[in-house]
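The values are calculated or read from the model by the stated rules, or taken from the named source; none is laboratory data. Treat the numbers as computed from the prediction; the structure is a model and nothing was measured. Positions of Cβ are backbone-derived with ideal geometry, glycine not excepted, and every protein chain shown enters the neighbour counts. Quick note on the areas: whole protein, heavy atoms, side chains included, nothing else; ligands and nucleic acids left out. Shrake-Rupley method; radii C 1.70, N 1.55, O 1.52, S 1.80 Å.
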Amino acid sequence: MMDFQIPTQDQYAKAMMDLLPPGKAWPRDIDTNLYSLFYALAGEVRKMDDKALDLIAAAFPATATDFLDDWLEVFALPDKCTTWQSSDEDKRAQIVARLTWTGEASIKFLKAYCANLGYSVDIKEWGGAICGASRAGKQGCQRSDRLSESVITINILTNKDPTFLQCELQAVMPYLSYHLFSQGKPF
């Protein structure tokens, strides 16, 4: 989010007084009753602007507070991966991951997806077409054809529980063959 400075109450009061027509009937001195009135009104305007900025952060899924339940409803969450007892951090991470989900299965995308869920991972792809064993014109993907299969290994580099990531990957990518490791140890 942009860093936006809300004007001070004095700046609001001065701006409102600058809208008045010129003349002796509208004194601009700070020791007048007119200035006191505008100063009091400026405080309320400043509070509204403050609340409006808070709403921007509260409405964005990654920082949602007041609207977290609304975002969960949009994505039919919580599901089997998160529950109402899950941390707000995990719920927000799942919302952002689902919101940015494109269905892609590249290594770059999977790393970004895992990062959205709060995991730093190393991913390696194994298998696929093999030089000398696969050839053009050969019909692959037969039940007996194991040459066209590929599998990936996902190694979680952080000390975060892998259960949430495993559940989320199974929910959104049931077609993906992978082995999950947590800090180099099989999970």
For the D54, L176 Cβ pair and Förster radius 25 Å, calculated FRET efficiency rounded to 0.05 is 0.05
Under 5 Å from the placed amide H of H179, counting only residues 5+ away or on other chains, we find I152, T153, I154
Treating only Lys and Arg (+1) and Asp and Glu (-1) as charged, each at its beta carbon, one finds that segment 17-122 has a dipole about its Cα centre, in Debye to the nearest 20, of 240 debye
Among chymotrypsin sites (Phe, Trp or Tyr not before Pro) in segment 1-74, those in a DSSP loop whose Cβ has at most 13 other Cβ atoms within 10 Å are F4
From DSSP H assignment alone, runs of 4+ in the chain each adding -39500 (n - 2.57), the sum over residues rounded to the nearest 500 puts [θ] at 222 nm at -12500 deg cm²/dmol
Here, GluC sites (Glu not before Pro) of segment 28-119 satisfying both criteria (DSSP loop; at most 13 other Cβ within 10 Å) are E104
Of 16-22, 56-62, ordering from highest average Cβ density within 10 Å down gives 56-62, 16-22
Counting only protein heavy atoms and rolling a 1.4 Å probe, one gets per residue an accessible area for the chain in Å² of 67 Å²
If unit charges are put on Cβ atoms (+1 for Lys and Arg, -1 for Asp and Glu) and the dipole of the chain is taken about its Cα centre, the option from I6, A64, A112 lying farthest towards the positive end turns out to be A112
Among (1) 16.1, 54; (2) 20.5, 79; (3) 28.1, 96, the value of Rg and Dmax of the Cα atoms in Å computed for this structure carries the label (3)
Counting only DSSP beta bridges with both partners in the chain, the antiparallel fraction in percent, to the nearest 5, comes to 60 percent
